[in-house]
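The values are calculated or read from the model by the stated rules, or taken from the named source; none is laboratory data. Just so it is clear, the structure is predicted and the values come from calculations on it, not from any experiment. Heads up, the Cβs are rebuilt from the backbone with ideal geometry, glycines too, and the neighbour counts pull from every protein chain shown. Keep in mind that these areas ignore ligands, DNA and RNA; they rest on the heavy atoms of the full protein, side chains included. Shrake-Rupley method; radii C 1.70, N 1.55, O 1.52, S 1.80 Å.
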Amino acid sequence: MSETLRIKRPDDWHLHLRDGEALKTLVPISAGYCQRAVVMPNLVPPVTTVAAAKAYRDRVMAALPDGQSFNPLMTLYMTQETDAAEVRAASACDEIIGIKLYPAGATTNSASGVTDIRRLEPIFETMADYGLPLLVHGEVTTDDADIFDREARFIDEILEPLVNRVANLKVVLEHISCRNAVEFVNSRDKLLGATITPQHLYMNRNAMLTGGIRPHNYCLPVLKREEDRQALIAAATSGDQRFFMGTDSAPHVREAKESDCGCAGTFNAPVALAVYAEVFEDAGALDKLEAFTSSNGPRFYGLPENADHLTLKKNSWRAPAKVGSGNQQFVPWLAGESLRWQVTGT
Ligand code: DOR
Ligand code: ZN
């Protein structure tokens with residue numbers, strides 16, 4: 001009999017669902033294995049108000065097929081103009097889980113992001129007062145910053161001083177990618193959590209640049225060295241409640257990825273759970289998978305764990321070569337490659 005693994009239904013604490021036609025392709029994939037997802041606000045234009053977030057949530061729910069259940073938890077996009085009234089309104093809205101900070105220029109659709117974090121300190125104080133978490137894309141953007149050092153520098157120059165100054169601010173350092181980030185989270189208390197993507201656990205930067213440029217392995221923060229990957233694996237598989245699943249699945253249509261200036265983003269939703277299971281198995285830590293995918297995130301956000309379950313079977317299958325149709329075709333991360341664990345049911 002083949003091996004099976006039964007875990008509480010996961011949640012994706014960091015997900016890009018995009019908008020418009022793409023929702024019909026993307027929403028069912030994540031809803032197929034997650035109950036909740038923290039939906040990123042970096043649309044064009046960005047989702048900066050409670051009203052816009054609610055309208056976006058309605059469009060996501062309208063794309064959900066009959067019979068699937070899904071609870072998108074929305075985020076607001078912080079700009080230099082975000083004010084205390086919007087923070088209060090967001091904290092009073094059950095459908096909004098936090099505010100996302102993109103340093104301006106750090107990544108896809110971050111042009112309206114924050115240029116002067118220091119000046120937003122009163123807003124962070126208000127967020128702390130209302131218990132509204134700050135979700136951070138942690139990379140500096142100055143021209144002199146080497147792309148492989150951007151996360152470590154953000155932690156040293158921006159994040160550590162910020163959390164030291166603003167007491168009680170709940171922060172999620174999203175998609176951590178380097179050893180310094182793991183060490184930083186470990187050095188703090190339960191107010192600081194971190195999401196980890198499947199690609200940062202599964203690959204190092206060689207996978208992006210060896211044998212040719214591999215655009216589907218390119219995301220931001222970029223994949224780092226093997227020693228960084230090992231630190232991330234140790235953190236994810238430790239069972240420590242501060243580390244939890246956030247896929248950062250970030251689809252772009254094929255032409256936007258396979259281009260002379262390809263977009264950052266790894267569309268991993270079709271394979272994310274299978275890859276996490278592989279990584280945990282290889283680390284001898286399958287018994288910690290459920291904590292990472294299904295328990296630590298709700299605990300950080302003060303939400304209940306999901307009541308239902310998901311079963312994975314040890315059964316070799318191939319990641320799809322593409323999903324979607326017409327002008328909405330997306331190439332999944334690891335397209336065509338063989339994976340060991342397959343989601344088989346509830
Ligand atoms: O690779 C990335 N893609 N990183 C981000 O931070 C944004 C995302 C996107 O929206 O495509
Ligand atoms: Zn993201």
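A few comments on the model shown:
- Reach of LYS322 by Cα under 25 Å, taken over lysines that are not fewer than 8 positions away in the same chain: LYS24, LYS257, LYS313, LYS314
- Applying a DSSP loop filter and a limit of 16 other Cβ atoms within 10 Å to the trypsin sites (Lys or Arg not before Pro) in segment 195-236 leaves ARG225.
- Each label was represented as a point 7 Å from its Cα along the Cα-to-Cβ direction; for ALA55 and ASN186 these points are 4.6 nm apart.
- As a length-normalised measure over Cα pairs under 8 Å and 6 or more apart, the relative contact order of the chain settles at 18 percent.
- Multiplying each eigenvalue of the alpha-carbon gyration tensor of the chain by 5 and taking the square root yields semi-axes of 28, 22, 21 Å, largest first, rounded to whole angstroms.
- Relative to the longest principal axis of the Cα atoms of the chain, helix 22-31 runs at roughly 80 degrees.
- Separation in nanometres of the label points that stand 7 Å from Cα toward Cβ, at GLU227 and SER316: 3.6 nm
- Neighbours of LYS224 by Cβ distance under 14 Å: Lys/Arg scored +1, Asp/Glu scored -1, total -2.
- Summed over all non-identical Cα pairs, the Kirkwood treatment of segment 237-310 gives a radius of 14.0 Å.
- Computed FRET value (nearest 0.05) for ALA62 with ASN206, which takes r as the C-beta separation and R₀ as 51 Å: 0.75
- Measuring nothing but protein heavy atoms, the accessible surface of segment 4-345 at 1.4 Å probe radius is 47 percent carbon and sulfur.
- Equivalent ellipsoid dimensions for segment 154-238 as semi-axes, Å, which come from the Cα gyration tensor, largest first: 27, 13, 10
- Per residue accessible area of segment 4-345, 1.4 Å probe, in Å²: 39 Å²
- Per residue, the convex hull around the alpha carbon atoms of segment 1-145 comes to 148 Å³.
- Gaussian network model of the chain, Cα within-10 Å springs - most flexible of GLY67, GLY284, GLY131: GLY67
- Sparsely packed trypsin sites (Lys or Arg not before Pro) within segment 124-195, loop by DSSP, other Cβ within 10 Å at most 13: LYS190
- Of all the options ASP12, ASP149, ASP94, the one that moves most in a Gaussian network model of the chain with Cα springs shorter than 10 angstrom is ASP94.
- Between helix 121-130 and the chain: long-axis angle, C-alpha atoms, 0 to 90°, nearest 10: 70 degrees
- Once you reduce segment 4-58 and segment 148-198 to the center of their Cα atoms, the two points are 23 Å from each other.
- Label zone of ALA234 (point 7 Å out along Cα→Cβ, amide N under 19 Å): in segment 290-310 this covers 292.
- About the Cα centre, charge dipole magnitude for the chain (Lys/Arg +1, Asp/Glu -1 at Cβ), debye: 820 debye
- Placing a label point 7 Å from the Cα of ALA89 along the Cα-to-Cβ line, the residues of segment 24-46 whose backbone N sits under 20 Å from it are 39-46.
- Between the helical axis of 226-236 and the longest alpha-carbon principal axis of the chain there is an angle of about 90 degrees.
- Segment 185-285: GluC sites (Glu not before Pro) in DSSP coil with no more than 14 other Cβ atoms inside 10 Å: GLU258
- Here the gap between ARG6 and ALA256, fully extended at 0.36 nm per residue and compared with their Cα-Cα distance, gives a gain of 86.3 nm.
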